[in-house]
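Asks: Below is a structure I'd like to ask you about.
The values are calculated or read from the model by the stated rules, or taken from the named source; none is laboratory data. Keep in mind it's a predicted model, so treat the numbers as computed, not measured. Note that we place each Cβ from the backbone using ideal geometry, even for glycine, and neighbour counts take in every protein chain shown.
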Amino acid sequence: MSKTSTNTTRAEPQRLDISTDRTCDCPPKHINCLSPKEWLKAQIGVWQFYYEGRDIRDKDLHPATYPIALATRCIELFTHRGELVLDPFVGSGTTLVSARDTDRNAVGFDLHPGYIELCERRLSQQQLLADSEQLAICDDARNIPKHLPEQSVSLILTSPPYANLLNRPRKNKSRRGPDRRNRQYQRVEQYSQDERDLGTLPLERYAEEMGRIFEGLLPLLRPKAHCVINVPDMWWENERVTIHIAVVEALRSVGYELRNTIIWDRTNIVNRIGIFGWPSNYITMGVSFEYLLDFWRPL
């Protein structure tokens, strides 16, 4: 039976007792359990996904989520059944839900008790006949190395905060007419105002903290294990803020190797986009695509 567990913040972080070994019969050198046909589908560098009923799309619950299908593709591409997946910014818990679906062990961390409770609710909605375990831990990502042993993680998969770029009232500039003043207009869709939250930091400090956090996570990865980070770029006062470049530079500086850049093409799930920049300022719509940055730990 698939097991779930939720833990509140601990004064002294403790090592987690969770399995990390594959349970499949794949040859040792295979990096996943995929068939050649399944592998071929994942080789295309532009991915599209659809949301399903279990996905979280309510921004009152969480301001930025990705589909279960996205997490599933990454998990199946870079791990075997039974191996350990880590999400250092687990948010609504999509990585944990997908790990449960695919029979991977997983642990996710978040600063905010409300998100950990959301993870627990999602994980309790459906159980599978499997031996994997998914844990949601309320703790700072900076403390993760105290919870897990070195070379125990087969995949890091996460969508971190986007620096302080959500920490401002929405203006809905891409919408026209009555659509502009929808329920999101002038809202601040930010994770929290906790000073530890990366979503409160300007981009330069954000990149520094990302480097520090992922430097601590690197020893937890097995050699040649992957780390996939989902981020967009955004516009601020008519300037393109290149979050994905900041993340690449931060992780390279602490020892990660960038292997692939995958585009998450969101055009099939974006609705009612107005004209942005017309007729004098050409700007690509940031909501129409995001980056999946695929790193690994070199040998």
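Asks: Just to be sure before I move on: is Leu86 under 14 Å from the mean Cα position of the chain (by Cα) and not β-branched (Val, Ile, Thr) in the structure I sent?
Replies: Numbers: under 14 Å from the mean Cα position of the chain (by Cα): yes; not β-branched (Val, Ile, Thr): yes.
Answer is yes for this residue.
Asks: Within the stretch 205-283, considering only strands (runs of 3 or more DSSP E) that don't extend past its boundaries, which have at least 3 residues that are within 14 Å of Pro88 (Cβ to Cβ) and modelled with pLDDT of 95 or more? Write out each step before concluding.
Replies: Numbers: elements: 221-231, 234-236, 239-241, 257-265.
By residue number, 221-231.
Asks: In the stretch 42-62, how many are under 22 Å from Ser124 (Cα atoms) and either at pLDDT 95 or above or crowded, with 19+ Cβ neighbours inside 10 Å (or both)?
Replies: Going through the stretch 42-62, the residues under 22 Å from Ser124 (Cα atoms) turn out to be 51-62.
Still in the running and either at pLDDT 95 or above or crowded, with 19+ Cβ neighbours inside 10 Å (or both): 55-56, 62.
The total comes to 3.
Asks: Can you list residue pairs whose Cβ atoms sit under 6 Å apart, with the first residue in the stretch 256-268 being in contact (Cβ under 8 Å) with a residue 24 or more places away in the chain and the second being surrounded by fewer than 14 Cβ atoms within 10 Å (Cβ to Cβ) and assigned to a loop (DSSP other than H, G, I, E, B)? Count only pairs 6 or more apart in sequence or on different chains.
Replies: The qualifying pairs are Glu257/Pro298; Ile262/Gly45.
Asks: Suppose we keep only residues that are assigned to a strand (DSSP E or B) and either of a type in the set (Asp, Glu) or touching a His at 6+ places or on another chain (Cβ under 6 Å) (or both) within the stretch 104-136. Which one would you say is farthest from Thr65 (Cα to Cα)?
Replies: In the first step, residues of the stretch 104-136 are kept if they are assigned to a strand (DSSP E or B); the result is 105-110, 133-136.
In the following step, the residues that additionally are either of a type in the set (Asp, Glu) or touching a His at 6+ places or on another chain (Cβ under 6 Å) (or both) were identified as 110, 133.
Numbers: Asp110: 14, Glu133: 22 Å.
Out of the qualifying residues, it is Glu133.
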